[in-house]
Amino acid sequence: SNIKVTCADTPVVGGTGSTACLDAPQLRKQGNRWTMYRSSSTETQVVLAPATFNGHANADHTQTSNGTMVTDLYSNVMAGVGHTWGGFSQGLAYEFRYQPSMAMPLDLPLNQTYSQTYQSVTIQGGTSTTASITQTATYRGRESITTAFGTFDTCRIDFTSTGVGSPGIVSWSNWYFSDPKYSGLVAQQSSAQDGTHQPSKIEVSWN
């Protein structure tokens, strides 16, 4: 009769905020480069000189996949929030803009969800099309991930995305390295559509 029971949701994994995994200045420093090797692809990103895109100051990233340039992406961090404003895709064949930015706080408390709705604007051949996208990000805490090149502490973040023309809700999970050498990079990604994938090797060149 003197026992008190308090019920609460049990976290998927333990851990504190996500900032150690997402606040990665090396991913925004000019001249830095990283390459992610996967079973069927090699992706390299390079940080170019700071640039203004859609009226906002950004770090300019170029992304190549298997040696072909596929994206020129503009992003920045302001007041503890990571912003992606858009860029150019498929060999600069078209421009895409996020209005407002596609954003996420760098420090999410355990099991907290951040949700936003933004307009994805695609401009090609003088024609503009717009889709309304709603995306959520939920921080699930720390988890140890074993890769081909070692075992690492990571932060798991679950995402959902839905928008005009999309087939219902798309969901996936990313595990970001908390190790300062790799923070901001994805150690593992999993979705119902594509299964679970890890890089087989990562090369970084930090200034």
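The values are calculated or read from the model by the stated rules, or taken from the named source; none is laboratory data. None of the values given here were measured: they were computed from a predicted structure. Please note: Cβ atoms are built from the backbone with ideal geometry, for glycine as well, and neighbour counts cover all protein chains shown. The protein model used for the area step is the full one, side chains on, heavy atoms only, and it has no ligands, DNA or RNA in it. Shrake-Rupley method; radii C 1.70, N 1.55, O 1.52, S 1.80 Å.
General observations
- For segment 99-115, the condition of being of a type outside the set (S, T, N, Q), more than 28 Å from Tyr182 (Cβ to Cβ), open to solvent by 20 Å² or more (accessible area, probe 1.4 Å) and modelled with pLDDT of 95 or more holds for at least one residue.
- Subset of segment 26-59 (residues that are of a type in the set (Lys, Arg) and under 26 Å from Met78 (Cβ atoms)): Arg28, Lys29, Arg33
- Matching option when the condition is at pLDDT 90 or above and loosely packed, with under 12 Cβ neighbours inside 10 Å, among Ser205, Ser191: Ser205
- Selection of strands (runs of 3 or more DSSP E) fully inside segment 1-59 by the criterion of at least 3 residues being at pLDDT 80 or above and open to solvent by less than 40 Å² (accessible area, probe 1.4 Å) returns 33-37, 42-47.
- Set side by side, the residues Thr62, Thr52 differ, and just one is over 21 Å from Asp23 (Cα atoms) and hydroxyl-bearing (Ser, Thr, Tyr), which is Thr52.
- Within segment 110-140, the set of residues being farther than 26 Å from Ser89 by Cβ and over 16 Å from the mean Cα position of the chain (by Cα) comprises Leu110, Asn111, Gln112.
- Test: residue in segment 181-201 that is hydrophobic (A, V, I, L, M, F, W, C), touching a Leu at 6+ places or on another chain (Cβ under 8 Å) and farther than 21 Å from Tyr37 by Cβ: no
- Checked against the criterion of being open to solvent by 70 Å² or more (accessible area, probe 1.4 Å) and not in a loop (DSSP other than H, G, I, E, B), the candidates Thr129, Thr122 yield just one match: Thr129.
- Filtered residue count, segment 170-203, keeping only those that are more than 17 Å from Asp153 (Cβ to Cβ), assigned to a strand (DSSP E or B) and either out of contact with any strand residue (DSSP E or B) (no Cβ under 8 Å at 6 or more places or on another chain) or in contact (Cβ under 8 Å) with a residue 24 or more places away in the chain (or both): 4
- Checked against the criterion of being among the polar types (S, T, N, Q) and farther than 20 Å from Ala57 by Cβ, the candidates Gln135, Gln99 yield just one match: Gln135.
- Only one of the numbered conditions (1) of a type outside the set (Phe, Trp, Tyr); (2) surrounded by fewer than 18 Cβ atoms within 10 Å (Cβ to Cβ); (3) modelled with pLDDT under 95 is violated by Thr71, and that is (2).
- Annotation note: Cβ proximity below 9 Å between a residue of segment 140-163 that is closer than 15 Å to Leu106 by Cα and free of Cβ contacts under 8 Å to residues at least 24 places away in the same chain and a residue that is of a type outside the set (Lys, Arg) and surrounded by fewer than 15 Cβ atoms within 10 Å (Cβ to Cβ) (sequence gap 6+ or interchain) occurs for Asp158/Thr113.
- Tyr37 hydroxyl-bearing (Ser, Thr, Tyr) and within 26 Å of Thr127 (Cβ to Cβ): no
- Annotation note: Cβ proximity below 8 Å between a residue of segment 79-91 that is within 13 Å of Val121 (Cα to Cα) and a residue that is β-branched (Val, Ile, Thr) (sequence gap 6+ or interchain) occurs for Gly86/Val121; Gly87/Thr71; Phe88/Thr71; Ser89/Val70; Ser89/Thr71.
- Residue list for segment 111-148, filter: within 25 Å of His197 (Cβ to Cβ) and in contact with a Pro (Cβ under 9 Å, 6 or more places away or on another chain): Asn111, Tyr114, Ala137, Tyr139, Arg140, Gly141, Thr147, Ala148
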